[in-house]
Every structure is written in structure tokens, then in C-alpha cells.
Amino acid sequence: MDTSRILIVDDNPEIREIIHILLEGEGYLIEEASDGQRALDLTGKLDFDLIILDIMMPGPNGYQTCIEIRKNSNAPILFLSARTKDSDKTLGFSSGGDDYLAKPFSYNELISRAKALIRRYQVYRGKDASITTETKGNSSTEGTPMEPIFFHHLKIDEAKEEVTSDGIPLVLTDTEYAMLLLLVKHRRQIFSAQHLYESVWNEPYYYGANNTVMVHIRNLRLKIEKDPKNPTLIKTVWGKGYRCD
């Protein structure tokens with residue numbers, strides 16, 4: 001039985017009930033909120049492994065709620081909305097969302113996306129000891145701490161899963177952390193959008209994922225670059241992808 005906790009935020013009780021039944025059937029613990037303020041209250045009291053967030057709600061909308069949640073939580077946020085324009089998705093990612101699924105949605109796709117987000121969050125936040133041990137190497141068996149990674153003005157501490165810039169802690173989402181770690185560990189290797197998506201999101205590439213990767217790269221640059229408009233850490237190789245030098 002999976003004890004991961006999911007928060008469903010939607011002002012439509014029927015949609016909440018459907019998602020509740022689907023995910024509870026997969027063994028997850030479910031909490032519900034009918035508006036953004038209630039979601040903020042719950043995230044202030046409980047730890048969640050995934051937040052499924054509608055956009056059009058009374059009170060704070062989904063974008064505003066996401067921004068506020070990001071001030072205190074790195075839990076993955078999946079936007080679930082009938083708004084399907086590229087600009088809506090871009091705004092969702094810019095607000096701190098990790099993924100975006102349009103209504104009406106496939107039940108199988110919702111479950112698949114939810115599992116992938118939770119799995120990635122657990123891996124990069126150390127909640128799954130068997131996976132993190134394998135991912136991070138055999139330092140625990142040798143009894144020696146892992147050495148931090150220094151990259152320009154950044155220090156990446158894998159043991160603590162912390163990133164600092166000139167000694168100042170950075171607040172990265174688990175997706176941003178995973179993306180940065182992958183690129184830094186494979187310096188000078190060019191990662192296409194598809195390669196990045198499948199490596200970080202740990203699921204097959206799909207139409208529209210290129211925009212997802214692009215927005216997350218932009219958000220990451222805003223946090224780690226001295227001059228995000230002229231990035232020197234994560235470079236774009238036009239027509240090919242991204243790399244760290």
C-alpha cells in the first residue's frame with residue numbers, strides 16, 4: 001500500500017470525487033480542497049507528495065495558489081484544467097507547476113502522470129531509500145559522504161539535495177533540481193528536449209513536452225544564472241538542445 005499523500009484542488013465536487021476514487025484505488029491517501037485558500041491551509045499543515053490543481057476557482061486561482069504553495073513546498077504540482085492554450089500552459093509552468101493535463105482527461109493518463117511525478121519526487125527527495133541508494137551510488141555502503149559538485153558559482157550537495165549560489169541557498173523544485181543535476185553531471189553533452197524529458201520526467205516523450213522542457217529551463221536559469229538573459233551555465237545549442245559547459 002502506497003502511503004503517498006495527494007491533494008486534489010478543484011471547485012467541481014464531481015471531478016474531485018472521480019479523481020479521489022481513481023487515485024485512492026491506487027493506494028494513495030487523498031485530501032480535497034474546493035478552492036485555493038483551502039489548499040493553502042492544507043499545504044501549511046500537511047506534507048503532500050503531489051498536488052493536483054485546477055486553474056479557474058473562486059478566491060485565489062490556480063496560478064496564484066501555485067505561486068503561494070511554492071513559497072513553502074517543493075511537492076510536484078499537476079495542473080488539471082480545461083484551459084488548453086499554449087499560453088495557459090506556459091503560465092502554469094512559470095507559476096511553478098511541474099506538469100499540465102487538459103480536461104477532459106484520460107483516466108489512464110492521469111494515473112500515469114501522477115505516478116511519474118510522485119516517483120520522481122520521492123527519488124530526488126530521498127523518500128525511497130532503495131531507489132535513492134542506487135541512484136546516488138554506493139557512498140552509504142562505504143560509509144563515506146558524497147563530495148559536493150562545484151560548477152562555476154554553484155555548489156550542489158547531493159547528500160542534502162541542496163544547491164547554493166555563492167553560498168546562498170537556492171529554492172529549486174524537484175524537477176529543476178533533477179534537470180540541473182543531470183546536465184551538470186554530463187557536462188558538454190547535448191541533451192535534446194526529448195532526452196531531457198524522458199530522463200527527468202521518467203516517462204515517454206509526447207507532443208507538447210518540448211514546451212514543458214523549455215519553460216523549466218527558463219525557470220531554472222532565472223534561479224541559477226547571474227544574467228538569465230545571457231546564460232552561461234545552461235546553454236542552448238540551437239536545433240539540438242541544451243548543455244552545461
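General observations
- Angle between the chain longest axis and helix 36-45 axis [Cα atoms, degrees, rounded to 10]: 60 degrees
- Folded to 0 to 90 degrees: helix 209-224 orientation relative to the chain principal axis, Cα: 60 degrees
- Sorted by Cβ neighbour density within 10 Å, fewest at the top, the residues Glu17, Glu158: Glu17, Glu158
- Computed [θ] at 222 nm, helices only, for the chain once each DSSP H run of length n ≥ 4 contributes -39500 (n - 2.57): -13000 deg cm²/dmol
- The overall shape of the stretch 5-124, judged from the alpha-carbon gyration tensor, is rounded, with an a/c ratio under 1.5.
- Sum of side-chain charges, Cys244 neighbourhood, beta-carbon under 12 Å (Lys, Arg +1; Asp, Glu -1): +4
- Fewest-first ranking of Asp157, Asp99, using other Cβ atoms within 10 Å as the exposure measure: Asp157, Asp99
- For the stretch 5-124, size of Cβ-based charge dipole, Lys and Arg +1, Asp and Glu -1, in debye: 400 debye
- Contact order normalised by residue count of the chain, Cα under 8 Å, 6+ apart, percent: 13 percent
- Counting neighbouring Cβ atoms within 10 Å and putting the fewest first, the residues Ile67, Ile234 line up as Ile67, Ile234.
Just so you know, all these numbers are worked out from the coordinates, no wet-lab data involved. What you see is a predicted model; the values in this text were computed from it and never measured. Every residue, glycine among them, receives a Cβ derived from its backbone with ideal geometry; neighbour counts consider all protein chains shown.
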